[in-house]
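The values are calculated or read from the model by the stated rules, or taken from the named source; none is laboratory data. The structure displayed is predicted, hence computed values, not measured ones. Note: ideal-geometry Cβ built from the backbone for every residue, glycine included; neighbour counts use all protein chains shown.
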């Protein structure tokens, strides 16, 4: 039994591997960008919570001061 590699099929396989590698690299870059955006969003969420908390505290203090209770 003789096993020979067909150079045309080997070249086609090599091209497919190169294409898949390029796609994987592009996906990795996209995932890194999504992770960065998620981290920014999480920070923005906590800043928003802090602002709303400070605002509600100020409103509560003002109502307490105005009503004198």
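Brief remarks follow.
- Residue among 51, 8 that alone is under 33 Å from the mean Cα position of the chain (by Cα) and either at negative phi or in a helix (DSSP H, G or I) (or both): 51
- Some residue of the range 29-48 being part of a helix (DSSP H, G or I), more than 35 Å from the chain's Cα centre (by Cα) and at negative phi: no
- Of the set (1) assigned to a helix (DSSP H, G or I); (2) at pLDDT below 95, all apply to residue 24 but (2).
- Matching option when the condition is exposed (fewer than 10 other Cβ atoms within 10 Å of the Cβ) and out of contact with any strand residue (DSSP E or B) (no Cβ under 7 Å at 6 or more places or on another chain), among 49, 66: 66
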